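Scroll down for the structure; my scribbles are underneath it.
The values are calculated or read from the model by the stated rules, or taken from the named source; none is laboratory data. As the structure is a prediction and not an experimental result, all values here were calculated from the model. Neighbour counts are summed over all protein chains in view; Cβ atoms, including those assigned to glycine, are modelled from backbone coordinates with ideal geometry. Side chains included, ligands, DNA and RNA excluded: accessible areas come from the protein's heavy atoms. Shrake-Rupley method; radii C 1.70, N 1.55, O 1.52, S 1.80 Å.
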Amino acid sequence: MMDGHEYFEELIFREDSLSEAERNELKAHLTLCAECVCFRDDWIAVNTLLTDAPAVSPAPGFVVLFENGRAVPAQRRNAAPWKGLAIFVIGLLLLIAANLALIANHVWLTLIVRATEKLMMARLIWDSITAFLYMIRLPLLIGGTAAIIAAFIVGFGILLSLRQYQQSHEKRGV
Amino acid sequence: MRQTFPTEIIDRVRNGDSCAFAAVVDSFRTSVYNLCYRMLNGNSGDAEDAVQEVFVKVWRNIDKYDERRTFSTWVLSIATNHCIDQIRKRRLPTVEIDETMEEVIPDRIPSPKRIVAEREQAEQVRILLDGLSEVDRAIIILRYWDDLSDREIGSAVGLSEAAVKSRLFRARKQLVGFYRQAQEQAVMEAA
Ligand SMILES: [Zn+2]
C-alpha cells in the first residue's frame, strides 16, 4: 500500500531525473514534511556510499585457468601457486622429522628398558647368592672350622710321620 | 554507456578459440568479480571460486548466447544466477570484511586515515547489502556497479522491467532502514 510519503520517496530515489513539475511538487512537500526531509538525507547518505564504493578487483595473482583450451572448474586458488606446494613439502618434512624422532625415541627407550632388565637380573642373582650364603652361614662356619682343624691335624700327622721316618733312617745309618 | 562487445571475438570463442576467451575473461573479470564479491558477503576466496565457475559456464554455454542481448548483460546474468544459487545452497553466514579491499588499486598512496575511512565505508556497504534478499542485492549491484537499465537487470535476474522497478524501490527503502539501524547502533555504542 502506498502511504502519503511513498510517492515522494519514489521521487527522492530518482531525483536526478525528475520533470520540472515533479521537482516542484517534491520541493513543496519537503517544506512541509520533516519525515521526508529526514528520509531524503538518509537516502543521499546511502546513495553516496553505494556510488562511491569502487568496483572490487580480484587479487593481482588471480587468474581464470585454462587447460587445453578449456576453462578449469573452480578450485580455491592461492595468489601464489607455489604456496600449496611449499606447504605440502614443509608438511612432508615435518612428518618425516616427527617419524624419525619417534623411531629415535623408540630405540632409546628400548635400550634403556633392556639395560634396566639386565641390571634387575644381576641384582636378583646377587640377592639370591647373598640369601643362600646367609642361610648356610652356621653350617659353613662349623664346616669351615672343622676343615681348618682337620687340616691342622692332618698336616701335623704328616709332619710327625715324616720326622719319625727321618729319625729311623738316621739310626740305621749310624 | 557500455560498449558492445566485439561479435567476432564471441564467434571465435564459439569456435573454441581460447585466446579469444582470454579476451572475454579480461574484459569482464573485474565486473564479474565485483558482483560475486559483493553478492557473497565480501569473501574474496568464495568470490574467486565463483568467478572461475562463472567463466566455465560462459565458455560452456557460449552457443546459447542470444545476440539480441547485450553480451555483458548475458555474462552478468550468468554471474548473478550463479551467486544466487550459491547463497541459496549454502545460506552464507555473515563474515568480516577481508583484506581484498586493499586490492582496489589507489591512484596515489592513501593516508592511514583514508584507509580507515575507506574500510569503514566498505564495511557499511557490505552491511547494507547483506540485509537484502539475494535477488534484491543482485539488482542493487547491477544497478550501482554495472550501470544496467531496469530492463537489462530484469533480463539478468529473470524478472520483468516492472518487477525490477518495484523491487528496486523496495530495496532502496530497505537500505535506508538498514542505514538508520546502523546509525542508531553507532550512537548507542558511542554513548
Ligand atoms: Zn512526506
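A few points about this structure:
- Subset tally (residues that are of a type outside the set (Val, Ile, Thr) and assigned to a loop (DSSP other than H, G, I, E, B)) for region B:38-73: 9
- Subset of region A:1-21 [away from the ligand (no atom under 12 Å from the Cβ), of a type in the set (A, V, I, L, M) and surrounded by 12 or more Cβ atoms within 10 Å (Cβ to Cβ)]: A:LEU18
- For region B:123-138, the condition of being open to solvent by 70 Å² or more (accessible area, probe 1.4 Å), in a helix (DSSP H, G or I) and closer than 18 Å to A:VAL56 by Cβ holds for at least one residue.
- Residue within region A:82-94 that is charged (D, E, K, R) and either at pLDDT 90 or above or assigned to a loop (DSSP other than H, G, I, E, B) (or both) present: no
- In region A:22-51, the qualifying residues are those that are surrounded by 12 or more Cβ atoms within 10 Å (Cβ to Cβ) and away from the ligand (no atom under 16 Å from the Cβ), and the one that is nearest to B:VAL56 (Cα to Cα) is A:LEU50.
- Every test in (1) crowded, with 16+ Cβ neighbours inside 10 Å; (2) modelled with pLDDT under 95; (3) over 16 Å from B:ASP146 (Cα atoms) is passed by B:ARG14 save one, and that test is (1).
- Scanning region B:155-191 for residues that are more than 14 Å from chain A (Cβ to nearest Cβ), aliphatic (A, V, I, L, M) and surrounded by 15 or more Cβ atoms within 10 Å (Cβ to Cβ) yields B:ALA156, B:VAL157, B:LEU159, B:ALA163.
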